[in-house]
Each structure stands twice: as C-alpha cells, then as structure tokens.
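Below is one structure; the comments refer to it alone.
The values are calculated or read from the model by the stated rules, or taken from the named source; none is laboratory data. All figures in this text were calculated on a predicted structure; none of them were measured in a lab. Using ideal geometry, Cβ is built from the backbone for each residue, glycine included, and neighbour counts are taken over all protein chains shown.
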C-alpha cells in the first residue's frame with residue numbers, strides 16, 4: 001500500500017486524497033489554524049446590467065395613462081417591473097413622462113404615466129430611475145397682504161390672481177398699476193365699491209359691457225387705431241325683428257332708423273354732399289332682374305307722383321318744367337329757355353325707323369307725327385294741314401298781322417307788300433301735262449298756268 005497524504009485545511013473541512021480507492025478514517029480533533037499570507041486576488045467579474053443606454057424609438061404622444069415602449073435591441077438594463085421610471089425625450093430633455101412600470105421584459109417597457117411635461121408625439125426616448133412622489137403636505141393658512149405700494153402684474157400672463165382679505169381693505173386705482181393690460185380674475189371675498197377710493201364716482205355714467213346702458217352725457221367718440229379695423233359694428237341676433245339703429249329727438253321721436261333688413265328710414269331732410277368733384281353723388285343700383293321701381297316720389301298718402309322704373313324710364317303725374325325751377329302752369333310739359341340755345345332736340349338712333357315725334361289723343365291714336373326722315377304728317381283726313389282761326393269756327397289759312405307767304409324761295413321777294421303771296425321763278429319749267437288739275441308757276445317773272453291738256457296761259461306779264 002502506498003503512502004497516503006492527507007491535508008486538513010480546517011477542522012470539519014474537505015479532504016483531498018491523492019490516490020483512488022483508499023479508505024480514510026478521520027477522527028475529529030481540535031485543529032489550530034495559524035493565519036498565513038493572503039493569496040493572489042482573482043480576476044474582476046463581468047459588469048452587471050445598469051440603467052444607462054436603455055433607449056426606444058417608439059412614437060409616443062406625451063400625456064397621462066398607459067404608454068408602451070419597444071426597447072432598442074431588447075435592452076432593458078437593470079429596470080424591473082414596479083420601479084418608478086421617467087421616459088425622457090432625447091432631443092428636448094424638458095419633455096418627459098413619468099410613472100410606475102407595469103411590465104419590463106421581452107424588449108418591452110410599459111409605464112402608467114401620472115406626471116408629464118411637454119406635448120406632441122416623439123420617437124427618441126431614454127430612461128432613468130425616478131424618485132417616488134411624496135405625500136401632499138397640509139394646506140397652510142391664508143396670509144394677509146398689506147398693500148402699501150402699487151400691485152404690479154410682473155408675470156408673463158395677461159392675468160393676475162390676487163387673494164385679498166377685504167375686511168379693512170382700502171385700495172386706490174393707482175395701486176393696481178397693470179389693470180389696463182392685465183385682468184384681475186379673482187378677488188377673495190366681496191369688495192364693496194365704497195372700499196375702493198373714488199370707485200363710486202369713477203363708475204358713475206360708465207358703460208357696462210354686460211348690460212344695457214342709458215347714457216346721460218354726450219361726447220362719445222370712437223377713434224380707430226388701424227386702417228383695416230371697422231370702428232363700430234352693430235350685429236343683430238338671429239331672426240332680428242326690430243331696428244338695428246335708431247336716432248331720436250328729445251320727445252323721443254325716431255328721426256333716423258336702420259331696420260333689421262338694412263333699410264334706412266328718414267323722417268327729416270336729406271342732404272348729400274360729395275367730398276370730391278369726380279364723385280358720383282348718389283347711386284341707386286338694382287339687383288339682377290330688378291322689376292320694381294328704382295326710385296319713387298310719393299305724396300303723404302303714399303301715392304306715387306314720380307318714379308324711375310327698373311329700366312330707367314321716368315314717369316310723373318305732375319307738370320314738368322325744364323329750364324327753370326318754377327313749375328309753369330302754361331302746360332303739362334314746358335321747356336323754358338334760360339339761355340340762347342336749342343331748347344328742345346329730338347335725336348334719332350343711327351338705325352331709327354320709328355317716328356321721331358308723335359301727337360296722340362287720349363285713346364293713343366296718332367294725330368300728327370314727324371317721321372325719322374323729318375316728314376310732318378297728320379291724320380286729319382281731307383284737311384291735312386289746318387290753321388284754324390281763333391275768331392270763328394271757319395276753317396281757314398290764317399296768317400295774323402298781314403304776314404306774307406313766299407313759295408319756292410327761302411328769301412321773301414314781295415316788293416314791299418304785306419299780306420301778299422310771292423312766287424319765285426320755277427327752277428325747272430313743267431314739260432308734261434298734269435293729270436286731273438293744273439300747274440301754277442312763274443317763268444321769267446310772268447305768272448303762267450298749264451292745264452291738263454297742255455295749254456299754257458299767261459295770267460300776268462312780267
């Protein structure tokens with residue numbers, strides 16, 4: 001049997017046997033161990049999982065509630081379910097979502113967000129451990145502010161919330177220095193008007209934006225501050241049933257009103273004065289397919305006296321005088337010259353075919369007319385042109401005051417006579433016989449007559 005070496009490191013410790021199949025009997029005996037020199041330090045172990053480098057590119061909208069992140073490369077680091085974790089937006093670190101992790105594993109991180117900052121949807125996230133939210137402390141008692149100087153809204157908001165014990169409050173307008181640009185939205189308790197110095201006086205006669213006003217002082221002016229801003233708009237409600245604007249006198253009688261339909265009613269005189277010589281003073285414009293009159297002048301009973309129809313025709317039931325503002329009683333229509341000019345002209349159209357003028361009876365029958373070519377025609381039957389005496393009822397050709405009549409010449413040649421008939425020499429002597437009558441003419445100063453048989457008789461020598 002070979003020698004056996006037994007090494008005992010410590011009582012009740014392992015035994016190393018250098019040869020197989022050897023039975024060893026160990027009897028426990030006290031062992032005294034003496035500390036010896038420390039052995040060589042072993043190699044540093046592998047670094048455990050940490051919290052850095054855990055990221056996600058999931059697109060998540062900032063807000064409260066359940067948020068699920070897919071982790072890049074499945075790396076969840078040392079995060080475990082139940083931790084309070086903050087998801088931070090990589091590009092904007094002030095944007096974050098924070099809450100308890102419902103689940104961490106299999107490359108997924110689910111957080112129930114109860115605290116966040118920022119807005120919008122983002123897809124670059126990194127994660128960090130977040131401390132638990134502490135309990136809400138007890139509410140402190142309200143303090144009392146002693147106002148000894150103006151209260152100024154120095155914040156970025158247009159509103160200032162002021163809590164004031166108003167019991168012994170006395171505050172002047174100047175002590176709220178930013179009141180015009182800021183808005184005092186909350187006052188703790190009720191502040192009476194008498195507690196604000198001069199407020200009762202200042203509010204007297206001032207307009208209320210939330211109620212109807214009755215002004216007893218005039219002089220109100222709206223000064224516009226921008227060219228593209230309408231200074232005043234009066235807007236009716238749906239189904240407005242009364243006027244939008246009324247201007248009344250002291251009685252009060254309405255002198256001017258704008259109805260809910262935009263109609264203007266005026267009980268006084270109307271003056272329209274243009275601001276420039278090139279401006280149209282008044283324009284009345286009809287709608288498409290206008291059928292009613294564009295304008296009407298009515299008497300007190302509402303009867304139309306003069307009108308301008310939709311097509312521009314002017315009709316009047318009264319006398320009309322042109323050339324003078326005084327209405328003439330001489331006729332229904334009078335043209336009275338006020339200077340040396342043509343007093344009335346009828347100018348036909350370039351393609352005129354109708355008469356230029358017509359004289360009609362009450363039944364609309366044409367009695368006389370001037371054609372488009374200037375021909376004067378009457379419909380009086382046999383007596384085509386009548387000059388009726390004003391002395392009796394006999395039909396005559398009457399020229400008052402010994403007037404002369406000249407034929408065939410625009411220049412009278414009557415030898416100084418009065419009430420005589422002058423006939424100029426014929427431009428062309430008749431060469432054929434008339435039918436059913438004769439021809440009276442002057443040739444070389446001699447008065448001649450040619451009958452229907454061709455006989456020429458000299459009635460008077462030259």
Odd one out for residue 403 among (1) at pLDDT 75 or above; (2) more than 52 Å from the chain's Cα centre (by Cα); (3) over 30 Å from residue 298 (Cβ atoms): (1)
Near pairs, Cβ below 7 angstrom, 6+ apart or cross-chain, from the range 448-462 (farther than 11 Å from residue 438 by Cα) to any residue that is exposed (fewer than 12 other Cβ atoms within 10 Å of the Cβ): 462/444; 462/445
Test: residue in the range 370-381 that is at pLDDT 85 or above, farther than 30 Å from residue 323 by Cα, in a strand (DSSP E or B) and in contact with a strand residue (DSSP E or B) (Cβ under 9 Å, 6 or more places away or on another chain): no
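Check 348, 363 and return the single one that is assigned to a loop (DSSP other than H, G, I, E, B), outside the structural domain of residue 316 (by TED's automatic domain parsing) and over 29 Å from residue 305 (Cβ atoms).
Working: 363 fails: over 29 Å from residue 305 (Cβ atoms).
Matching residue, one of 348, 363: 348.
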Candidate set: the range 232-253, residues that are more than 25 Å from the chain's Cα centre (by Cα) and assigned to a loop (DSSP other than H, G, I, E, B); chosen: the one surrounded by the fewest Cβ atoms within 10 Å (Cβ to Cβ): 250
In the range 99-127, residue nearest to residue 75 (Cα to Cα) [restricted to those that are in a strand (DSSP E or B) and under 45 Å from the mean Cα position of the chain (by Cα)]: 122
Residue check, residue 292 under 47 Å from the mean Cα position of the chain (by Cα), exposed (fewer than 12 other Cβ atoms within 10 Å of the Cβ), assigned to a loop (DSSP other than H, G, I, E, B) and at pLDDT 90 or above: yes
Failed item, numbered, when residue 323 is tested on (1) surrounded by 12 or more Cβ atoms within 10 Å (Cβ to Cβ); (2) modelled with pLDDT under 90; (3) over 26 Å from residue 269 (Cβ atoms): (3)
Flag if residue 280 is farther than 30 Å from residue 216 by Cβ, assigned to a loop (DSSP other than H, G, I, E, B) and at pLDDT below 90: no
Selection within the range 329-338 - farther than 17 Å from residue 305 by Cα and touching a strand residue (DSSP E or B) at 6+ places or on another chain (Cβ under 7 Å): 334, 335, 336
Hey, residue 356 surrounded by 10 or more Cβ atoms within 10 Å (Cβ to Cβ), within 30 Å of residue 317 (Cβ to Cβ) and modelled with pLDDT under 85 or not: no
